[in-house]
Amino acid sequence: MDAYDVIVLGVGSMGGAACNALAERGASVLGLETYQPGHDQGSAHGGSRIVRQSYFEDPAYVPLLRSAYDGWRRLEEESGRDLLTLCGGIYVGDPASVTFTGSRDAAVQHGLDHEILDAAQIRARFPTMDPADDAMAVYEANAGYVRPEETTIANAEVAVRKGAALRFGERVLRWSATPDGGVEVETGQGRYGADRLVIAPGAWAPQLLADLALPLSIERMVFHWFTPDFAAVPYERWSEEEHPVYIEETHGNQQIYGFPMTDGPERGFKLGFFRLGTPTDPDDVDRVVRDEESTVMQERARQLFPHLSGPVVQAKTCLYSVTPDEHFVIGAHPAYEQVAIACGFSGHGFKFVPVVGEILADLATTGSTTHPIGLFDPTRGVLHPERGEPEPLPS
Ligand SMILES: Cc1cc2nc3c(=O)[nH]c(=O)nc-3n(C[C@H](O)[C@H](O)[C@H](O)COP(=O)(O)OP(=O)(O)OC[C@H]3O[C@@H](n4cnc5c(N)ncnc54)[C@H](O)[C@@H]3O)c2cc1C
């Protein structure tokens, strides 16, 4: 049986970055992946992912985002691929919305460059948008999008160049800890041994980490591309030259998010609902997007983009893995210190890919990391409801 320093289970967004970071450190790495690089069966396809720093989810993410931005530029240099485009980002909401207040608070707390815009200023600056009269926005120039398929391919290519062995089309059937403190992994094609294991299986985490019984909800999400009315607002105003990425939430309305047109006028203007997908089995996803779903999406989108009136160009499904608090799960496996786990990215993980790769390489080589990952602790109470509420601290 071959023996490696580290096996990485799942060479997708996070596992691909881990293979790259581990190979960079001189570890002998084996990556095992069911599908091919850049595939569309998991969570890392659809052409674009928002990157932003004024993070309404929690200001604690901001230091990680700073590291991630450095990592994006490094991966572009190493791979020779164009991955990150900074076209600006706008987070629109009513004055009490989390989208607005959370983005503003994160920006202020971490001294991030940003502007506050009211509804009239939003309309004047971005004529595609007609927000509610009381809407407010945080505009951040240092935001934009990354290319998910190219990223996963880039990490795989660079990892192989640095010496990693990556086996695509090979699904892991089971893994186990060995009595000598190592690990063994079995696929349909063979058995492999290593000192350490990184498990980054995306939507398949409930299967690969069944022993932890994490309360993950695997959800089918849809992104849509619609044709705008270019007679009302010309193409240039929708394109990445002039249009930011955006998130909008007004008066309890479900958050929507989306992108400028990135690939010419024919490809459509891409957007989706941010949360509340339909629970699904990752091996049996309904990949058909129905007309009714497109109608609901377009009606909601037109509250902000009244000229998004044209037909659907394309619609695609994608998978979220959602934790109860919507924070990630990253750390040592609670029962086996030689196993690091990364899952539950809750629909907002992609922008962190380079820094999660570094964190997983830290955990797999030294057992700890200097990156702030306390929020993602796999043993936190919300992931283990059977333990009940934690005792209140003595005052
Ligand atoms: C519709 C949609 C929109 C999103 N928008 C954004 C956004 O704008 N910004 C953002 O930051 N994030 C966004 N995300 C979230 C982000 O894409 C995910 O958080 C991220 O891709 C998760 O990475 P992952 O490595 O956990 O999963 P994946 O990239 O899916 O990788 C997991 C890999 O493990 C493999 N695998 C699983 N089981 C096995 C096995 N048994 N053997 C071998 N291989 C296995 C899978 O095939 C897969 O390739 C979005 C996601 C979706 C679906």
Ranked by GNM mean-square fluctuation in the chain (Cα springs under 10 Å), the top entry among Glu78, Glu249, Glu240 is Glu78
Pull up all non-local amide H partners of Ile218: gap of 5 or more, or a different chain, and H-to-H distance under 5 Å with H placed in the peptide plane. Thr280, Val322
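Set the Förster distance to 25 Å, then compute FRET efficiency between Asp5 and Ala335 from the Cβ-Cβ distance, nearest 0.05.
0.75
Relative to the Cα centre, what is the charge dipole magnitude of the chain, using +1 at the beta carbon of each Lys and Arg, -1 at the beta carbon of each Asp and Glu, and rounding to the nearest 20 debye? Working shown, then result.
On the way: 31 positive and 57 negative charges, 100 e Å.
Here the chain has a charge dipole of around 480 debye.
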Using each residue's phi in segment 349-363, evaluate 6.51 cos²θ - 1.76 cosθ + 1.60 at θ = phi - 60° and report the 3J(HN,Hα) Karplus result to the nearest Hz, with x for Gly and Pro. x, 4, 4, 8, 3, x, 6, 5, x, 5, 4, 5, 5, 4, 4
Of Phe269, Val313, Gln254, which is farthest towards the positive pole of segment 218-315's charge dipole, taken about the Cα centre with +1 and -1 on the beta-carbons of Lys, Arg and Asp, Glu respectively? Gln254
What is the fewest-to-most order of Cys318, Cys87, Cys19, Cys343 by other Cβ atoms lying within 10 Å of their Cβ? Cys87, Cys318, Cys343, Cys19
Residue by residue through segment 366-375, which ³J(HN,Hα) values in whole Hz follow from phi under the Karplus form 6.51 cos²θ - 1.76 cosθ + 1.60 (θ = phi - 60°), with glycine and proline marked x? 10, x, 8, 9, 8, 5, x, 10, x, 4
Convert each backbone phi in segment 252-267 into a coupling constant with the Karplus relation 6.51 cos²θ - 1.76 cosθ + 1.60 (shift: θ = phi - 60°), then list the ³J(HN,Hα) values in order as whole Hz, x for Gly and Pro. x, 5, 4, 4, 10, 9, x, 10, x, 6, 10, 10, x, x, 7, 7
Rounded to the nearest Å, what's the spacing between the alpha carbon centres of segment 56-82 and segment 256-331? Just the number, please. 24
Stretch Phe168-Phe230 to full length: gain in nm at 0.36 nm per residue minus the Cα-Cα span? 18.0 nm
Between Asn20, Asn142, Asn155, where does the largest GNM mean-square fluctuation fall for the chain, given springs only between Cα atoms within less than 10 Å? Asn142
Distant-in-sequence amide H partners of Tyr4 (H built 1.01 Å from N, under 5 Å): Gly193, Ala194, Asp195
Once you have the Cα-Cα distance between Arg191 and Gln303, take 0.36 nm times their residue separation minus that, and quote the gain in nm to one decimal. 34.9 nm
Need the list of lysines near Lys270 for cross-linking: C-alpha distance under 21 angstrom, and skip anything on the same chain fewer than eight residues off. Lys316, Lys351
Relative to the longest principal axis of the chain, what angle (0 to 90°, nearest 10) does the C-alpha long axis of helix 148-161 take? 30
Relative exposure of Ser321, Ser217, judged by other C-beta atoms within 10 Å (fewest first): Ser217, Ser321
Ranked Ser97, Ser54, Ser103, criterion: other C-beta atoms within 10 Å, fewest first: Ser97, Ser54, Ser103
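Just so you know, all these numbers are worked out from the coordinates, no wet-lab data involved. Everything numeric here is computed off the predicted structure, so don't read it as measured data. FYI the Cβ positions are ideal-geometry reconstructions off the backbone, even for glycines, and counts take in every protein chain you see.
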